[in-house]
Each structure stands twice: as structure tokens, then as C-alpha cells.
Amino acid sequence: MNRAQTLLAVFAVIAAAFFANLIAERMATRLDLTEDGIFSLSAGSRRIAATVGEPVTIELFTSHGDTRLSPYLEAYSRRAEGLLRSFADASNGAIRLRLTDPQPDTEDESRAQRQGLAGTRTANGTAYLGLTAQQADSIRAIPFLDPRRERFLEYDIAQLIAAVTRLSKPRLAFISTLPLSSDLPQGQGQEPGPGDVLMAELSRSFECVTVSNTATELPKDTVVVAMIHPHHLNPKLAFAVDQFLLHGGPVLVAMDPLSRYQKFQQGNMPLMMVPASAMGAASDPALLRSWGVEAPVDTMVGDAAHSLQMPSTRGEAVNYPLAVALDSSNLAPDHPVTSNLRMLNILDAGSVRLVSPATAGLTFVPLVTFRGLGVGVLPVNVANAGPFERVAAQFRADGQERTFAAAISGNFKTAFPEGAPRDANDKSPVAESLKVSEKPGRLIVMADSDFILDYYSIRRSTAYGQQVYEPLNDNQAFFIGALETLAGSEDLVSVRAKGTALRPFDRVMALQRQAQATYQTEIDRNEQKLSELAEKIAELSRTSGGDLSKGIVLTPELEREAQRFSEEQAAVRRTLRDIRRAAREEVDSLGRNLAWINLLAAPLLVGLGGLIYALLRRRRQV
């Protein structure tokens, strides 16, 4: 074989590899070799797709052309497209995928905007990366596919499909002693209710049924129960909630050691209220405690490092440690309820923990955690006895980590071991009831109730004669997201978070840890020496009565001493630079080797393939 034939063979191998890759991209079957199976549907997602009845059209809006997305978002859109194709394949034709490029000033862009998609600004206009699902007249949307939620991309798509295929909204039994909504129409001086926006948002996802604390049973076909600072609960209603949980029903409880709103209700005298026992007359905190969960109502948790300012009696702002702004460092990054949240504002909150004797069979997952050196507790009677500045002065941090909200799942014990509560004159036989969970239940407990109210989470304004509501924080998003997660099907809950396509550089991190262990002692010693030399120079300056940085030295002896210290300081700095360079050397060497491998591997493999092809062809000719 001559040289021309060899080159032709090499080009033929390259062309074959290109077309093989092109064909593979269009094949429905994929080989997923990732550690967490991130490019394969979970069993729960496959069941959700397979049970779709009427056709569902999923439309992925991805901007190309002049308003194209950033390369990072374009790569993420391809990841979403691949996952959507997997859903379509698993649905036996019931899910249809449509790809749309919403160019500016077109009907496609108008449709994207009507369906609630959120555009992102680019140099040439507005770009879109969003998703809608439509079945008949029902349309649901994910306004923006955020790469930060990649771990939950499959969960979000499965939840979207489940929501659009539901014939009716799940029924939410809402038990609260706080009057969240005003019964009177707004206008003409009528103030909005403290939870009008909250209830309006809940009604988008649920059929909300308000249940009085004097009721004796839950509404029929209840899917999820929410208990918001309930007290003096009718024993029969408490029993109904207990049995609902033991039958596997999901429950959310928002406890509160000190409800500021309830204090405001009582004659507008916020410093003269005895905190309510949060679970009420018959069961008191024993209802939660019997389930294995403790939410103390006699202490409150604060964080001096994350405190917000509150008005003092003198009209000045004071840092109040029981008013806390929690950020992403306090939120569970691996749970779909909290992974996308950024900030919660909490006032006079408690804590949640498991009761030691009752923890068998329960899984406790913290969702929101107070952590850091500024965390501490304060008795409720102290916080309830004076103005903000006096309470703040008595706060002492202990640095102990405490949980504000947690998801608890597993087998719960009943709070009514003797059966259903009965009236005194009721002589009928006691009906059978569950003593332990029939199947694993799910419970979310939050140690505050005020934080979900509009006053603490929504800013109201007026624009063009219309009321406009702007979230101040993620308080309501957290609460509503928790309920939506609890109301999801078992298949949807089983999807949860999967792995991520973003892989950590484990080898690099191991080298960095090893280098730190090897060199850190020497670095610390030299930095300490550097600090001592700086202190000596400063002391010499003070002794001389001048400023050495300005060259003021009184005597030749002091000048020589200062020069010696400066030379030693420079030598120590050089030593530190050499140590840090040595610590980075292995990582840098690994980077250089990988760069050479990436640069040479493909040409070498192609050349090797061409050479093998040429040798085989030559052998056949012989």
C-alpha cells in the first residue's frame, strides 16, 4: 500500500467514526455507564410515563440563532432533551415531544410568554429555556430549567407530567387556629388577610378544605394534612390525624413556641401572651411525641451571626438574634424541597428532634438547620417578657447545631393506644384502630408558623391600579413545596434526586488534601514566624517613636536591627512561596499530563486504527 492509500484509509476511519456517532445520537437505545444512572429513567418515572392516558404534548423551548443561550445552558438543554426523549419512549406513544425555538417577536415567543416561561436577557434579546406540558386544556410549565437543579431534573419532569395528567387537584385538609384569610371582600378599608396570598398559591395546586380545630373528622378523600399552629384540638380530630398518618398518609405540622401574629390578635399587645401548647388540649405535645418527634415549646432558637434588625423602644434598630436570615448554607442541598431555595426569614422559631425512646424505625432528615458559632437558645418566657433590645442582651450563643425543619419517615406509633376518644355517655364497643403504622408514613415538621404568613414573606404594592405581590424570601415557596412533595405519588417520591453529570475531580482533591497534610505544619510555622517578625518591626517602630514605613529611625543601631528583621521577613516569604509551589506541584503535574493525553490521544487512536486497517488490507492483497 502506497502513502496515498494509507492516508485514504485514515480518512475513511475518521469518516466512519463520525457517521457512527451521528447514527448513535438518533438511536432510541442508549448505554448508560454513569455511576448513578443519570441518563436512564428510574422505575418510578417509567411507571408514571407508562400510565399516561390521553396524549400529553411536552414542548421544550430552547433559544438558538441570534438570541441563543450560553454554551453552558445549551449543553444543559441537550441533557433535558435526552431525558424528555426517554420519557416519550417509556410512554408507548402517549407523550409527544415538541422542540421549539422561540425567535423574538414570533407567535412561538408569545406562546412561551402566555404559558409563563421566564426569559433570560442576552446581548441580542430574550432567550428561553423552559418546558410546558399540555393534556387537553390543562397546561403546566417549568418556567426555567435551572442547571443548579440538575440532580432533580428527572423529578421535576415527572412531577410536571403527573400534575398535568391529574383529573382533579389533591385535597388538602388545612387545620389552623390562625385566621389566614379575611372572609370579607377587600376594598373600602378592608385589610387583606394575613395569608391571602399563601392560600391563593396553595389553591393552584390543591383543593384546600379548611378544618376547624373543633371538627371531629377529616374531609373525605383527604390526600395530605397541614396543621398550622393548632391548639385545643378536638380529641376526635387529633385521633383522625393520628390514624391518617398510620395508614401512610402524609402530614405537615408547623409548630410555634411563640406566635407573633397570635399575640398581635390579642388586643394588639404583643408582650402579654402566654404561648399556646402547640398540639392542643387533649393531646398537647404528646401527639408529636408519641410519633417519636419532639418540638419543644418552652425554648426558642436564635443565631447571632445571622440576626436581623428589629426596632427598639427608642426607635433605633437592634440586632435581634431570634430574628434570623437563613441562607443556602442552612438548607439541605440534596432534598428536592430545599435544593432550589436561597433564603428563609425566621422569627421566634423553635427546634425539631427525635425522641430517643421512640426513634426505632424512623428516618430523620434535616431540611433546615441552625448551625455556626452564633447559634443558641432562649427560654420563651424571657423572650416574651420585654422589648427586643432587652431580649437580645440576654441571648447567649452555645454553637450547638439545631434543626428548624425536618422530614421524618417510617413506622410511627399511635398517640391513642386505647383507641378512639369517646364521649362520656358513649357505651358502644371501642372500634378497632391502628397502634403502629400500617405502612410507612411521611411527616414534615417545621418549628414556626408565622414565617409562612404574608406579613413575613410578601411585599404588597400597587401598579396600574392592580395589587402586585413580590416575594421577600423563600418562606412560602418552602412551605408549599413541602406540601406538594408530600402530596406526590409514591412513584414520584421514589424519583427524588438522582446523580449529577457534573463529576468532582476526586484525584485532584485527594492530592490537595495530601499536600495540605504534608505542608500545612511547615506553612503554619513560617506564617507564625512572619507574624512575629512583623510584630518586632512594629515594636521597633513604637520604640523609636517614629514610623519605619516612612523611613524614620533614630539611631544606626535601630536602623540595622530593622534591616535585619526586614531581610528575615523577606526570606520567610520566599520560603512560604516555595512551600506553596511544592504543594501545588503534583496537581499541576497531573494537569499537564492530562492536557498532553487529551491533545495526543485522539490523533494516536485514529492513526493506530488507520494503520491496523492498512495492514489488514495489505494482508488480504497478499
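Give me the one-decimal Kirkwood hydrodynamic radius in Å for the stretch 188-248, with the sum taken over alpha-carbon pairs.
On the way: mean 1/r = 0.0748 Å⁻¹.
Here the Kirkwood hydrodynamic radius works out to 13.4 Å.
Where in the stretch 100-174 are there trypsin sites (Lys or Arg not before Pro) that are in a DSSP coil and have at most 10 other Cβ atoms within 10 angstrom of their Cβ?
Counting only loop positions with at most 10 other Cβ atoms within 10 Å, none of the trypsin sites (Lys or Arg not before Pro) in the stretch 100-174 qualifies.
Can you tell me the order of 444-455, 316-327 when each peptide is scored by its average per-residue count of other Cβ atoms within 10 angstrom, highest first?
Numbers: 444-455: 24.8, 316-327: 18.7.
Result, highest mean Cβ count within 10 Å first: 444-455, 316-327.
Taking the simple approach of a point 7 Å from Cα along Cα-to-Cβ for both ARG422 and GLU568, what is their distance in nm?
9.0 nm
Using the beta-carbon distance between ARG96 and ARG149 and R0 = 41 Å, what value does 1/(1 + (r/R0)^6) give for FRET efficiency, to the nearest 0.05?
Computed FRET efficiency for ARG96 and ARG149: 0.95.
Rounded, prolate or oblate: pick one for the stretch 59-131, where a ≥ b ≥ c are the square roots of the eigenvalues of its C-alpha gyration tensor, a/c under 1.5 means rounded, and failing that, prolate if a/b is larger than b/c, else oblate.
Cα axes put the stretch 59-131 in the oblate bin.
Please list the equivalent ellipsoid semi-axes of the stretch 69-209, computed as the square roots of five times the alpha-carbon gyration tensor eigenvalues, in descending order and whole angstrom.
34, 21, 14
Counting only protein heavy atoms and using a 1.4 Å probe, what share of the accessible area of the stretch 214-255 belongs to carbon plus sulfur, as a whole percent?
Here it works out to 56 percent.
Under a crude label model (7 Å from the Cα following the beta-carbon direction), how far is THR51 from THR122 in nanometres?
Here the modelled spin labels are 3.9 nm apart.
Which cross-chain or sequence-distant (5 or more) residues have an amide H under 5 Å from the amide H of VAL355, H modelled 1.01 Å from N in plane?
VAL293, GLU294
Can you work out D for the stretch 320-472 in µm² s⁻¹ from Stokes-Einstein, where Rh is the Kirkwood radius over C-alpha pairs, the temperature is 10 °C and the viscosity is 1.306 mPa s?
84 µm²/s
State which entries of LYS169/LYS236; LYS236/LYS413; LYS169/LYS413; LYS169/LYS220 exceed 21 angstrom in Cα-Cα distance in the structure shown.
Numbers: LYS169/LYS236 26 Å; LYS236/LYS413 17 Å; LYS169/LYS413 30 Å; LYS169/LYS220 14 Å.
Violating the 21 Å limit, Cα to Cα: LYS169/LYS236; LYS169/LYS413.
Quick check: Cα centre of the stretch 42-86 to Cα centre of the stretch 331-410, how many Å?
Here the answer is 38 Å between Cα centres.
The values are calculated or read from the model by the stated rules, or taken from the named source; none is laboratory data. In this text, all values refer to a predicted model and were calculated from it rather than measured experimentally. Note that we place each Cβ from the backbone using ideal geometry, even for glycine, and neighbour counts take in every protein chain shown. All accessible areas refer to the heavy atoms of the entire protein, side chains included, with ligands and DNA or RNA removed. Shrake-Rupley method; radii C 1.70, N 1.55, O 1.52, S 1.80 Å.
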